[in-house]
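The values are calculated or read from the model by the stated rules, or taken from the named source; none is laboratory data. None of the values given here were measured: they were computed from a predicted structure. Heads up, the Cβs are rebuilt from the backbone with ideal geometry, glycines too, and the neighbour counts pull from every protein chain shown. Just the protein is used for accessible areas: all its heavy atoms, side chains included, with ligands, DNA and RNA removed. Shrake-Rupley method; radii C 1.70, N 1.55, O 1.52, S 1.80 Å.
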Amino acid sequence: MTLSIRWKVTLGSLLAVICGLAVVGLLILQSFEQQEILQLRNMLEARANLVAYGLRPLLPAPPSVSGRISFHTIVRDLGNSASARITLIGADGTVLADSAVAEADLAVIENHLSRPEIQQAQSSGQGTDIRASHTTGERTMYHAIVMPMAAGNPPVFLRLGLPMTMLDQETAKLQRNLGIALGAAFLMAVLLSVWMARNITKPLSDMASVARRLATGDSTIRIHTHSRDEVGLLGDTLNQMTDQLRAKIDELSEDRAQLLAVLTSMVEGVLVLDYRGHVLQVNPALERMFGVSRTEARGRPCAEVFRHRHLMDLVADILRTRTNHEDEIVLAPTGRCLHIEASVAGGEHENEACAVLVFHDITELRRLEKIRKDFVANVSHELRTPLTSIKGYVEALLDGGKDDPATAVDFLSIILKQSDRLNLILEDLLELSKIESGSVSFKEDPLDLSNLIDRTLSMIKPMADKKGHQLRSRISGDLPLIAGDEGRLVQVLTNLLDNAVKYTPEKGTITVAVQVLPDPSHAQAIELTVTDTGMGIPEQDRPRVFERFYRVDKARSRELGGTGLGLAIVKHIVEGHGGQVWVEGNQPHGSRFVVHLPIRSTRESRLI
Ligand code: ADP
């Protein structure tokens, strides 16, 4: 069991008080007894001298045995007067007379020569001793002196004995009083110790409880002490420490919050590793990139968390060489491409940042790069084909073809056709680049779609008639006006109908349908579809036909005068109107192009 500091102080001070009181009591008792004994001795000495003085004329020589009787009576009377026991002892130790012993018993009293006071008196003239009397049994103080006898006679020892009953009674009384006084002092000391211990230890126990609350994170707590002693100083110091601690914690919390905010808002993934390659930090962007969770990743080896061979080789290299690295990795199965910049932070212990890896998702960049490269290649190819043809026919004309009028006309018409095609490609490219660059603004005029459809169908009709196609329009109910650019939407419908006519074998059916979408969530959209009964588009090519120069059948497209840019233009215009376009298969064969356009009331023109 551990004692509290209050009890330790209380018990310690009480122990000191008990020891002090005991020593004081003993000293008082001792000095009292010494004092009393000294007084008694002086008194005995004085009485012995007086008795000797009284006895001397009666006792010129030691009393003979016959003279003892009358002598014994004198001694007894003297003893009564002196209130002490008087013993006369011969030089050989024989008791000659004793006031406390009956005459008849004198003969049986033992020899007194060996008594300490007689021994002292023999050597120095007088002697004192305190002991229990053999004769009376009481504690008695003896004082003996030598009484010289007339010439030639051996001296006689006169001894006075005084019982110490009085002294013992006085001592007992003193002990009792001292006991009461010391007991009272002890009680006072107990009260004082408890009070003092409480006063001294209260601020300390307050501090202990404050320290406990501090440890639980309550940094607002304060210690209140009014004393200016060491305890007060300790309290002030603790308060200062608490303030400093709180300031430091606040500062660290702010830094941490800022760091977390930066890490969380970063588009780049961030991975922090210690020198063993264990994960210390992962930001949300990296969580998304690798599909890992921060709580599961932290503290685990990087290889276990990410399971990407190329990344692990890179991490191993960084940790081994302690140099900055740059690399690219591809994630399976998404195919996302990540550029990694790894820098060495230098931590050499567990949980210290040793390497920081920043992951940039460059998938889109790579895609755009590829599109650009493909585009350049496609444009070159598309332009080269008619140019090669023109060059070939011009050379053939120069080589003699011009001399035959019929051949010359044929060649020249081919050259004209190829030039038109070149022109068409360049016009489409220009158009597309204008829309893509955002320099074209789409008007937002209120448009009546049924009217627009009728006009476009009548424009296409001669072409469709040539192939014996049947053109149909299905307009369901009253259509609301939509906000859009009439010229551009006509271009969309023309391109779709032109393709339908081109890619549908003769005597096909081409249907234009329009309706307000029934689904409540799409109530504000209009669906326009162009359906044909032609060759259709294989499912895997459908998402790609809206890319520039993408054709399902290149030769056929060229033969039919396609540039490969029509659907790309359609897509841009539709998206510029806030809509969507895609292609589906038509049953039993053919294609179905679907355009969704939002119904907007605004008249303002919008830049795309
Ligand atoms: P093109 O000028 O070659 O027609 P587009 O961008 O208009 O270029 O069309 C891209 C490709 O999509 C075409 O080459 C063709 O292979 C395919 N395509 C477009 N419309 C249809 C359709 N109605 N039926 C079948 N294939 C089509």
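Listed values for region 409-421 are Karplus-derived 3J(HN,Hα) couplings in whole Hz (6.51 cos²θ - 1.76 cosθ + 1.60, θ = phi - 60°), namely 5, 4, 4, 5, 5, 5, 4, 5, 4, 5, 5, 4, 4, and x replaces Gly and Pro. A simple charge model with +1 on the Cβ of Lys and Arg, -1 on the Cβ of Asp and Glu and nothing else charged puts the dipole of the chain at about 1080 debye relative to its Cα centre.
Which trypsin sites (Lys or Arg not before Pro) in region 495-585 sit in a loop by DSSP (not H, G, I, E or B) and have at most 11 other Cβ atoms within 10 Å of their own Cβ? Could you put the intermediate results ahead of the total?
Working: sites: K502, K507, R544, R548, R551, K554, R556, R558, K571; in loops: K507, R548, R551.
For trypsin sites (Lys or Arg not before Pro) across region 495-585 that sit outside H, G, I, E and B with at most 11 neighbouring Cβ atoms in 10 Å, the list reads K507.
In whole angstrom, how far apart do the alpha carbon centroids of region 149-164 and region 269-328 sit? With region 149-164 and region 269-328 each reduced to a Cα centre, they are spaced 117 Å. Computed with a 1.4 Å probe over protein heavy atoms only, the accessible surface of region 251-389 comes to 59 Å² per residue. For region 447-573, the solvent-accessible area of protein heavy atoms averages 47 Å² per residue (probe radius 1.4 Å; ligands and nucleic acids excluded).
Across all C-alpha atoms in region 1-64, the radius of gyration and Dmax reach 26.8, 82 Å. Within region 266-361, the proportion of C-alpha pairs whose separation exceeds 19 Å stands at 32%. In order along region 469-479, phi translates into HN-Hα couplings of 7, 9, 9, 10, 10, 10, 10, 8, x, 7, 8 Hz, rounded to whole numbers, per the Karplus curve 6.51 cos²θ - 1.76 cosθ + 1.60 with θ = phi - 60° and x for Gly and Pro. The alpha-carbon atoms of region 440-607 define a convex hull whose volume equals 115 cubic angstrom per residue.
Give me the one-decimal Kirkwood hydrodynamic radius in Å for region 219-264, with the sum taken over alpha-carbon pairs.
Details: mean 1/r = 0.0813 Å⁻¹.
In region 219-264 this quantity evaluates to 12.3 Å.
Averaged per residue, what accessible area in Å² does region 22-156 show with a 1.4 Å probe, protein chains only? Write out the running numbers ahead of the final one.
Details: 7000 Å² over 135 residues.
Per-residue value: 52 Å².
Distances between placed amide hydrogens fall under 5 Å for A97 paired with L88, all partners being 5 or more residues away or on another chain.
Protein heavy-atom surface of the chain, 1.4 angstrom probe: 58% of the accessible area is carbon and sulfur, with nucleic acids and ligands not counted.
Suppose accessible area is computed on protein heavy atoms with a 1.4 Å probe; arrange H360, H112 from highest to lowest.
Largest accessible area first, the list is H360, H112.
Give the peptides 125-136, 559-570 in descending order of average Cβ contacts within 10 Å, highest first. Please report the intermediate quantities before stating the final value.
Values: 125-136: 14.9, 559-570: 19.4.
Ranking the peptides 125-136, 559-570 by packing returns 559-570, 125-136.
Given the alpha-carbon gyration tensor of region 6-170, what are the semi-axes of its equivalent ellipsoid in whole angstrom, ordered largest first, with each equal to the square root of 5 times an eigenvalue?
Numbers: eigenvalues 369, 44, 36 Å².
The three semi-axes for region 6-170 are 43, 15, 13 Å.
Here's how it looks for S473: its modeled amide H is under 5 Å from those of V512, which are all 5 or more places away or on a different chain. Where does the Debye-calculated log10 I(q)/I(0) of region 122-280 sit at q = 0.09, 0.13, 0.14 Å⁻¹, using only Cα point scatterers of equal weight, no solvent? For region 122-280, the Cα-only Debye profile gives -0.69, -0.91, -0.96. Residue by residue, region 256-264 carries 3J(HN,Hα) couplings of 5, 5, 5, 4, 5, 4, 5, 4, 5 Hz when phi is fed to the Karplus relation 6.51 cos²θ - 1.76 cosθ + 1.60 (θ = phi - 60°); x denotes Gly or Pro. Among the trypsin sites (Lys or Arg not before Pro) found in region 207-249, those both in a DSSP coil and sparsely packed, with 14 or fewer other Cβ atoms within 10 Å of their Cβ, are R222, R228.
Pair-distance distribution of the chain: all C-alpha pairs, bin width 20 Å, starting at 0; shares per bin in whole percent are 13, 19, 16, 11, 9, 9, 7, 9, 7, 2, 0. Give me the net charge of R85's neighbourhood, meaning all other residues with Cβ under 9 Å from the Cβ of R85; Lys, Arg count +1, Asp, Glu -1. Once positives and negatives cancel, what remains is 0.
With a simple spin-label model that places each label point 7 Å from the Cα along the Cα-to-Cβ direction, the separation between I249 and T216 comes to 1.3 nm.
Could you calculate the contour length gain from D420 to S380, that is, 0.36 nm times the residue separation minus the distance between their Cα atoms, to one decimal place in nm? Numbers along the way, then the final one.
Values: separation 40, 0.36 × 40 = 14.40 nm, distance 1.68 nm.
Here the segment from D420 to S380 would lengthen by 12.7 nm.
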